[in-house]
Amino acid sequence: MMPLVLDLSRLLWRAGRAAPGGIDRLELAMALHLLEHEPTARFAFTDGGRIRDIPRALARRIADGAALRWAGHPDDAASRRAGAYLDGRADPFPPARPRLLDRHVPAIDLLRGIGASARWRPGRLGDMALDGAAYLNLSHRNLDDPRCLALLSRAARVLCYLHDDIPLRSPAFAAPGAAETFRRLLHGLAALRARIVTNSAASRDRILASAAREGLALPTPAVVPPPIAAVYRDRGGAEGAARRLFLVPGLVTGRKNLGLLAEACRRLPGAGAFDILLAGAPGLDAGAVLGGLAPVPPPIRLLRAEGLTDHALRRLMRGAVAVLAPSQDEGFDYPVQEALAAGVPVLASDIPAHRETAGAHAVLLDPLDADAWAGALAGLLAGGAARESARAAALRFVPPPAAEVLERVVGVVRG
């Protein structure tokens, strides 16, 4: 059987962060799966045009540490804060206003890199020979580097998981320079004849269209939606809370369309007190996004929370009236899937990714129609048929087992 090499470059640098992003979750899930089920699997780190060999014991330490940190437990500090907030005993979450650190600070990235280097000492890792192996990169980190691509040409097969083409198709929603990086990535994958996996048919079609505009003939990506963490599959625990809460998990960035929610709140006179809680890390444009939000009328509050463990986030989900996802663009949208897995009602934007992955289980609304969102929020706050219908739709959602999903990815590179 063809041996597997999983690139852990992203996880090595980000394992120490308080909470993961969606790409982090996928790389971690695959690392844990291979450590459990593939005794011959190896692990790699790409850096400065070199591919280094991560010993299996070190890969285990990195993956287990990240898993424990990000999952947390029902009585961790973040879960206790969430419980105190839901019960009305405390107000641990501040207003959603811009802060000094809601921008890209290169010095912080440098310090994080130094911390990861000091902890894992990747510079001491030896070079890896890829001859005869199948190389998997689930974050596409460093696959725009021609030095890395030259080394990968020695692998028997290369698989890349492309999560979306937003940097190239909608550069206004991406980091500066991301469009050119993505362009180099597509050209490199085409040159390697790499196998590609993506998270939805919507992403597949857009990636192929972007490649065609670049004059590239990529192989058709396989569609394998990423797995959902086990904690979100637990539908136990109390629903509802002393507070009326709508939860908005995910990165705080422009394409999440948070201004729509603020405007919808302004169109809800007499709705009474409720909170909208933004639960996620700040994107590079978070300061501008939060600073540009229209004020919401009291007693409605717009709050923010960061660094929540999975157990804390699930607790907030289960206590919420609904999870809101008004994004203008997505390839998949992890938080929507996690909320549905937890049996929580979801209001989401009517965009291709949501129609495909959540259409039968979420209430889909025009991402430009604040009146429609205001009406849907009011209906859920009132309870009754609207709330029960949304909840019943969520409860019909059954995500596939994580191991099955990950084996499908492995099957693409080995098949």
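The values are calculated or read from the model by the stated rules, or taken from the named source; none is laboratory data. Given the structure is predicted, the values throughout are model-derived calculations rather than measurements. In this analysis, Cβ positions are derived from the backbone assuming ideal geometry, glycine residues included, and neighbour counts consider all displayed protein chains.
Remarks
- Condition check for ALA385: in contact with a helix residue (DSSP H, G or I) (Cβ under 9 Å, 6 or more places away or on another chain), buried (at least 20 other Cβ atoms within 10 Å of the Cβ) and assigned to a helix (DSSP H, G or I): no
- Residues in the range 156-204 that are acidic (Asp, Glu) and within 21 Å of PRO226 (Cβ to Cβ): ASP164, ASP165.
- Elements of the type strands (runs of 3 or more DSSP E) sitting completely within the range 1-92 and holding at least 3 residues that are crowded, with 21+ Cβ neighbours inside 10 Å: these cover 4-7, 42-47.
- All positions within the range 237-278 that are basic (Lys, Arg) and either under 24 Å from ASP310 (Cβ atoms) or in a strand (DSSP E or B) (or both): ARG243, ARG244, ARG255, LYS256
- Contact map, the range 71-91: first residue at positive phi and outside the structural domain of LEU316 (by TED's automatic domain parsing), second residue in a helix (DSSP H, G or I) and charged (D, E, K, R), Cβ cut-off under 9 Å, separation 6 or more or different chains; pairs are GLY72/ASP310.
- Residue under evaluation ALA273, criteria (1) touching a helix residue (DSSP H, G or I) at 6+ places or on another chain (Cβ under 7 Å); (2) over 28 Å from LEU68 (Cα atoms), criterion not met: (1)
- Selection status of GLU407, assigned by TED's automatic domain parsing to the domain that holds ASP24 and farther than 30 Å from ALA174 by Cβ: yes
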